[in-house]
Amino acid sequence: MLAISVAIGLYSCWTLRASRNSSDFLTGGRKMSALPVSMSLAAGFMSSVTLISIPAEVYFYGSAYGLLCFSYLFAVLISSETFLPVFYRLELKSIYAYLELRFNRATRLLGTVTFIFQNVLFAGFVIYAPALTLSQLTDMNLWVGIISTSSICVLYCTLGGLKAVIWTDVFQIGIMLAGCLAIMIRSVIIQGGVSTILTDSYQGGRLNAWDFDPNPFRRHTFWTILIGGTISWISVYGTQPAQVQRYTACKSITHARLALHINLLGLWAILLSAMFAGLCIYSFYKHCDPWTAGLVSVPDEVLPYLVKHIMAGQQGLLGLFFSAVYSGSLSTVSSVINALAAVTLEDLIKPYTILSEKRISILSKGLTLFYGVVCIAMAGLASVLGQMSQAVTIVTAVVGGPLLALFSLGILCPFANAKGGLSGIMSGFIVSLVLALGHLLCPTPPELSRPLPLTTEGCNLTTASPNLNWTSTALHTAPNSTTAAPIQGNYCINWHSPSYLYFIIIGVAAVIIVGVVVSLLTGGRRQTMDPRLMLQKDDMLSYHLYKRLTERIQTKRQPDTVHNNEKFEMRF
């Protein structure tokens, strides 16, 4: 898998050998079709964190996380109707250039710097995940795995640019799905059927998706996942440069829209596969929780621990799982590195220097290499920030939420001005940061965030399931950190943090409220605005469908004096 990824990078480099245009390297020359871009969009943010952390999430907390399927749908539809038409029309290499056109340069710089911070940290988590898996299943050192993952990724990103990133994503998403299917099929064979796994999960309370409790302090309910998840994924598909860079690389806006919608199939396939893998983990370890028993050092290791038991004796399956996890890491990190290089070049270098196209092309490759090294360093920080899926969501909320709200102000509110935009995003950052710190100091009460029941009663048995042999290491014990109450000060008596999925909603609301009020108070209504920077009715596919439907209804209501042939044609 690693060799083929490098080969794709080398081939893309060979096809670009005669080009000295940085646009071909960073945007693929806007010649990509819908299908490969859609697969790249799905692979871009369905990372190794997804493959490792979501099964652990389901094992500890149940299947409510699967409601993200609806969040993906709403996020893609809203992004396709709202953000895609504006960004595609402007043909921007960096979407933060929009902030300067719509507001001012200070807003653009603030957006660029915060994006770089968010994505460098995010890439650290994504690099850390497969290295964690490799160190759990083999004797390989954690940092050897981290450096090997990143080096391959940086190599083909530096050689082939966005074109290499997209085509490696197409290859890697197939490997990711194959790895998930291998776990599922092997688990079903050992446990004696899908019905056994579903029955065990039902009896253990893991099929708990339809929880309509409106309590905002509950970690996961229907409302927290549907609302918070939708806003989070709009920030990914609407205003995340790595994703916008892909659909603006399409040859037409129709291909771009089609790519976004086909991408949904990939998102659903990976999410549902990861969810079922979590149910498989519970079916195997319902009588002996490996985390409580001290058999794994962090909760995110439970899937690798299962793989070690069910695949170790099967030729090639363990390697397929490694390849799937590494594919998730490479696809996401390559997207992030390419976007970081493009944003840095377009927003922090080009506006302040005059360079030839050849020098810019060389510099873009140098930036790709630089960010690859920085992301490796961030993987060390990721190893101390707790469960990956929750940590990634909080980082996205602190930075992605205010940026999403700022772009929404610019695209949807003609009266929003530079003062309103700048004051709004600063307020949003402050509110989001306070929420994140409050979550660390005053977490959700344990009774609202405690994992579902787990037991170690079966750890003294020679077998945890009819076909799964245990060793004496199952008798090892360790503190159950998943159910331990957090250390809180007196300042937490009357206040607790809401669900981490609501952080992004609160940040978005803060930006919009402050931005609208300040803009109206500082003369925003009197400003003239370039219509290209705003969302127009003709940009929206839904408006055209509504218009066609209205015209058809009006046609059917024509007087009966119309000739019979014409009436027949209208009905047809």
Taking the range 172-195 and keeping residues at pLDDT 85 or above and within 15 Å of Ala7 (Cβ to Cβ) leaves Ile175
Is it true that some residue in the range 281-296 is in contact (Cβ under 8 Å) with a residue 40 or more places away in the chain and within 30 Å of Leu41 (Cβ to Cβ)? yes
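Suppose we keep only residues that are of a type outside the set (Ser, Thr, Tyr) and at pLDDT 75 or above within the range 440-458. Which one would you say is nearest to Trp291 (Cα to Cα)?
So the first thing to find is which residues in the range 440-458 are of a type outside the set (Ser, Thr, Tyr), and the list is 440-443, 445-448, 450-454, 457-458.
Cutting the leftovers down to at pLDDT 75 or above gives us 451-454, 457.
Working: Pro451: 12, Leu452: 13, Pro453: 12, Leu454: 9, Glu457: 13 Å.
Across the range 440-458, the extreme among qualifying residues is Leu454.
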Picked from the range 325-348 (must be within 17 Å of the chain's Cα centre (by Cα) and of a type in the set (A, V, I, L, M, F, W, C)), the residue nearest to Leu303 (Cα to Cα) is Val325
Matching residues in the range 72-123 (farther than 14 Å from Gln245 by Cα and assigned to a loop (DSSP other than H, G, I, E, B)) number 2
Condition set of a type in the set (Phe, Trp, Tyr) and either buried (at least 18 other Cβ atoms within 10 Å of the Cβ) or at pLDDT 80 or above (or both), scope the range 468-527, selection nearest to Arg450 (Cα to Cα): answer is Tyr500
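So that you can scan it fast, the table gives a plain yes or no per residue for (1) surrounded by fewer than 18 Cβ atoms within 10 Å (Cβ to Cβ); (2) free of Cβ contacts under 8 Å to residues at least 60 places away in the same chain:
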position	(1), (2)
Val165	no, no
Leu181	yes, no
Gln191	no, no
Thr196	yes, no
Tyr202	yes, yes
Arg206	no, no
Arg219	no, no
Pairs returned, first residue in the range 304-321 that is under 18 Å from Trp291 (Cβ atoms) and at pLDDT 80 or above, second residue that is part of a helix (DSSP H, G or I) and charged (D, E, K, R), beta-carbon separation under 7 angstrom, 6 or more apart or interchain, are Ile310/Arg186
Within the range 237-251, of all residues that are of a type in the set (S, T, N, Q) and part of a loop (DSSP other than H, G, I, E, B), the one farthest from Phe117 (Cα to Cα) is Thr248
Out of (1) modelled with pLDDT of 85 or more; (2) over 16 Å from Cys69 (Cα atoms), the one Thr292 does not meet is (1)
Reported set for the range 208-217 where residues are under 18 Å from Glu57 (Cβ atoms) and in contact (Cβ under 8 Å) with a residue 60 or more places away in the chain is Asn208, Ala209, Asp211
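The values are calculated or read from the model by the stated rules, or taken from the named source; none is laboratory data. Note that the structure is a prediction, hence the values are computed from the model and not measured. No Cβ is skipped: glycine too gets one built from the backbone with ideal geometry, and neighbour counts run over all protein chains shown.
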